[in-house]
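Enquirer: Starting off with a structure, shown below.
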Amino acid sequence: MSDIICAIATAPATAALGIIRVSGADVLSVVAPLLYKINGTPAVLEHGKATLCRIQAEGEVYDEAVVTYYQAPRSYTGEDTVELCCHGGLYVLQSVCELLLQKGCRMAQAGEFSKRAFLNGKLDLIKAQAVIDLIEATSRAERKNALSQLEGHLSRRLSAVYERLVDLNTALLAYVDFPDEVDAPEEDTLAELRAIEKELSALLAGSDRGQLIKEGLNIAIVGAPNVGKSTLMNRLLGYDRSIVSDIAGTTRDTVTEGCRLGDLKCHIADTAGIRTTADPIEQQGIDIARARAQAAQVVFAVFDGSRPLTEEDIALAEEFGNERNLAIINKSDLPQKADLEYIQDHFIHIVKLSAKQGEGLSAIDGWIETQYSAEDCGDQGILTSLSQAQRLLAGRESVRRAIDCLEMGFTPDLASLDITEAASAVGEVTGQTVTEKMIDNIFAKFCVGK
Ligand SMILES: Nc1nc2c(ncn2[C@@H]2O[C@H](COP(=O)(O)OP(=O)(O)OP(=O)(O)O)[C@@H](O)[C@H]2O)c(=O)[nH]1
Ligand SMILES: [Mg+2]
């Protein structure tokens with residue numbers, strides 16, 4: 001199979017421009033004979049320079065493209081790479097690709113460019129995950145974190161932990177092999193293991209937030225009937241998704257949509273108004289609403305500020321009032337009659353707004369920003385992948401076992417087994433100790449052309 005791979009790297013849709021990527025040792029031997037200057041003489045490509053070329057073979061012109069050549073190792077993959085920035089018609093792109101295949105390239109598999117970058121040491125697995133996260137980013141928080149990971153702070157931190165574990169093991173094994181010549185490692189080793197455990201805990205603490213950035217915050221809007229939950233939902237989404245009416249009990253099925261609040265990707269559920277009812281269908285809606293609220297990370301508890309609190313409101317304040325949830329006093333455009341003191345007793349976070357008039361809604365974005373600010377992931381980057389977090393968790397467990405072993409006075413060779421396991425778990429996250437199958441699984445998640 002040819003070692004030179006090619007693929008359309010842009011989305012499979014008609015657009016102004018489309019990029020074909022070609023990568024492999026001596027890529028120019030295949031691509032250069034197809035490229036001519038507009039005056040008809042053969043084009044000469046230089047590293048890092050964009051050159052306007054005509055793509056031509058056997059007298060047939062396929063396209064005019066801006067072609068950039070990256071000489072190994074100074075390319076994304078670490079190999080000789082050519083990017084053909086063609087006109088973005090699917091037929092044009094496909095026919096150029098077919099021409100490249102005829103001339104000896106083969107189609108790249110999903111993620112193969114990035115896999116080659118990894119194998120050539122251009123990208124570790126943290127950065128590879130960051131490339132996926134960046135492509136899939138739908139919020140500023142996701143973009144910011146993916147870019148910090150690409151800069152390599154997190155990779156360096158994790159690689160440092162890996163190196164420290166390997167060094168520690170080397171010292172321990174030296175003692176096991178030559179107990180008379182090497183000092184007993186006890187105190188230093190214990191101190192270093194405790195420091196590593198602390199560092200792994202710090203990395204794991206950030207990973208919960210990483211998941212949140214990536215997966216999005218689950219919010220349930222709950223409240224008594226007619227308080228304006230669906231009006232609020234529609235306002236937050238920016239379009240009419242839920243039915244609004246002045247008939248109490250309008251919403252029955254839970255309506256869920258994705259949107260962005262503050263910096264964060266969110267999934268909002270508008271639910272049935274909660275009250276005592278004899279209608280079995282409405283009751284089902286209310287049961288689902290409660291289940292949704294239980295499962296949500298945050299509840300927006302909505303109250304109608306224009307009327308005194310009802311028994312239902314009071315029961316809901318008791319049910320959902322806590323330091324995590326947000327009380328929303330709606331209908332601020334009308335004269336206010338609700339007893340806010342009662343709500344203040346149950347909720348720390350309260351905003352007043354008019355969903356109907358669209359006034360005061362920025363308070364919700366502001367609240368999300370302060371509670372879940374993107375700034376606190378700093379410039380270091382935090383882990384976003386659950387499987388990465390699980391490997392680190394396993395690594396920390398092994399470190400803890402090694403500490404126990406040494407504290408209980410077992411021989412160092414036992415601790416050494418745990419440290420080896422810890423190093424291998426951490427190394428799997430950065431890619432320092434991964435197997436070929438793991439690499440294939442990771443890069444298969446990429447799209448073709450990446
Ligand atoms: N004046 C005023 N009316 C509002 C406001 N928000 C909602 N309403 C009105 O209140 C009524 C109920 O609104 P909905 O959004 O359907 O209320 P809901 O909480 O979803 O009601 P259910 O689905 O029945 O539980 C409608 O007539 C809305 O126009 C507001 O901020 N100000
Ligand atoms: Mg509703």
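Enquirer: What is the fewest-to-most order of Glu323, Glu311, Glu112, Glu151 by other Cβ atoms lying within 10 Å of their Cβ?
Expert: Listed from fewest to most nearby Cβ atoms, that is Glu323, Glu311, Glu151, Glu112.
Enquirer: Another question about this same structure. Suppose every Lys and Arg Cβ carries +1 and every Asp and Glu Cβ carries -1, with no other charges. What dipole size does the stretch 137-290 come out with about its Cα centre, to the nearest 20 debye?
Expert: The calculated dipole for the stretch 137-290 is roughly 1420 debye.
Enquirer: Can you tell me how the stretch 216-352 classifies by the Cα gyration tensor, rounded, prolate or oblate, using a/c under 1.5 as the rounded cut?
Expert: The shape class here is rounded.
Enquirer: So, one more: How much length would be gained if the chain were fully extended between Asp240 and Glu181, taking 0.36 nm per residue of separation minus their Cα-Cα distance, in nm to one decimal?
Expert: Contour length minus the Cα-Cα distance gives 13.5 nm.
Enquirer: Moving to a separate point now. Kindly provide the helix-only [θ] at 222 nm of the chain, computed as the sum of -39,500 (n - 2.57) over DSSP H runs of four or more divided by all residues, to the nearest 500 deg cm²/dmol?
Expert: Mean residue ellipticity at 222 nm (helix-derived): -14500 deg cm²/dmol.
Enquirer: Run through every distinct alpha carbon pair of the stretch 280-434 and return the Kirkwood hydrodynamic radius in angstroms, one decimal place.
Expert: 20.0
Enquirer: State whether the stretch 1-73 is rounded, prolate or oblate according to the following rule on the C-alpha gyration tensor (a ≥ b ≥ c being the square roots of its eigenvalues): a/c under 1.5 gives rounded; otherwise a/b larger than b/c gives prolate, and the remaining case gives oblate.
Expert: Cα axes put the stretch 1-73 in the rounded bin.
Enquirer: If contacts are Cα pairs under 8 angstrom and at least 6 residues apart, what is the relative contact order of the stretch 216-352 in percent?
Expert: So the answer I get is 26 percent.
Enquirer: Which distance in Å, rounded to a whole number, links the C-alpha centroids of the stretch 137-162 and the stretch 235-255?
Expert: Centre-to-centre distance over Cα atoms comes out at 39 Å.
Enquirer: Same structure, new question: Treating the beta-carbon of each Lys and Arg as +1 and of each Asp and Glu as -1, no other charges, what is the dipole magnitude of the stretch 46-141 about its Cα centre, to the nearest 20 debye?
Expert: Value, rounded to 20: 340 debye.
Enquirer: Count the DSSP beta bridges whose two residues both fall in the chain, then state the antiparallel fraction as a percent rounded to the nearest 5.
Expert: 60
Enquirer: Shifting gears a bit: List the residues whose amide H sits under 5 Å from the amide H of Glu359, counting only those 5 or more places along or on another chain, with H placed 1.01 Å from N in the peptide plane.
Expert: It is Ser354, by chain and number.
Enquirer: So what's the gap between the Cα centers of the stretch 39-63 and the stretch 408-429, to the nearest angstrom?
Expert: Between the Cα centres of the stretch 39-63 and the stretch 408-429 lies a distance of 56 Å.
Enquirer: Then there is this: How big is the stretch 117-199 along each principal axis, measuring the range of its Cα positions in Å and listing the largest first?
Expert: 59, 29, 13
Enquirer: Oh, and also: Pop a pseudo-label 7 angstrom from the Cα along the beta-carbon direction at both Asp253 and Leu417 and give the gap in nm to one decimal.
Expert: 5.6
Enquirer: Need the full-extension length gain, Ala191 to Val66, defined as separation in residues times 0.36 nm minus the C-alpha distance. One decimal, nm.
Expert: Length gained between Ala191 and Val66: 39.3 nm.
Enquirer: Starting from the Cα of Asp287, step 7 Å along the direction of its Cβ; do the same at Asn39; then give the gap between the two resulting points in nm.
Expert: 8.1
Enquirer: How many nm separate the modelled label positions at Ser373 and Asp339, each set 7 Å beyond the Cα in the direction of the Cβ?
Expert: So the two model labels end up 3.6 nm from each other.
Enquirer: For the pairs Lys122/Lys450; Lys122/Lys445; Lys115/Lys265; Lys115/Lys450; Lys49/Lys103, flag any whose C-alpha to C-alpha distance is greater than 20 Å.
Expert: Checking Cα-Cα distances, Lys115/Lys265; Lys49/Lys103 exceed 20 Å.
Enquirer: Which of the listed residues, Thr81, Ile442, Thr254, is farthest toward the dipole's positive end in the chain, when Lys, Arg count +1 and Asp, Glu count -1 at the beta-carbon?
Expert: Most positive-ward Cα: Thr81.
Enquirer: Kindly identify the chain as rounded, prolate or oblate by the Cα gyration tensor criterion: order the square roots of the eigenvalues as a ≥ b ≥ c, call it rounded if a/c is under 1.5, otherwise compare a/b with b/c, prolate if a/b is larger, else oblate.
Expert: The shape class here is oblate.
Enquirer: Let me ask another. Which of Ile328, Ser242, Ala289 sits farthest toward the positive end of the charge dipole of the stretch 216-352, with +1 on the Cβ of Lys and Arg and -1 on the Cβ of Asp and Glu?
Expert: With unit charges placed on the Cβ atoms, the residue in question is Ser242.
Enquirer: Taking just the alpha carbons, could you work out the radius of gyration and Dmax for the stretch 1-158, both in angstroms?
Expert: 16.7, 55
Enquirer: Starting at the first residue of the stretch 58-72, write each ³J(HN,Hα) from the Karplus equation 6.51 cos²θ - 1.76 cosθ + 1.60 with θ = phi - 60°, in whole Hz, x for Gly and Pro.
Expert: 6, x, 9, 8, 9, 5, 9, 9, 8, 10, 10, 10, 10, 7, 4
Enquirer: Related question: Would you mind working out the magnitude of the charge dipole of the chain relative to its Cα centre, with +1 at each Lys and Arg C-beta and -1 at each Asp and Glu C-beta, to the nearest 20 Debye?
Expert: Using only the charged Cβ atoms, the result is roughly 1820 debye.
Enquirer: Once the dipole of the chain is set up with Lys and Arg at +1 and Asp and Glu at -1 on Cβ about the Cα centre, which of Ala415, Ile132, Val27 lies farthest towards its positive end?
Expert: About the Cα centre, the residue reaching furthest to the positive side is Val27.
Bear in mind that the values in this text are calculations on the coordinates, not laboratory data. Bear in mind the structure is a predicted one, so any value in this text is a computation, not a measurement. Virtual Cβ from ideal backbone geometry, glycine too; neighbours counted across all protein chains shown.
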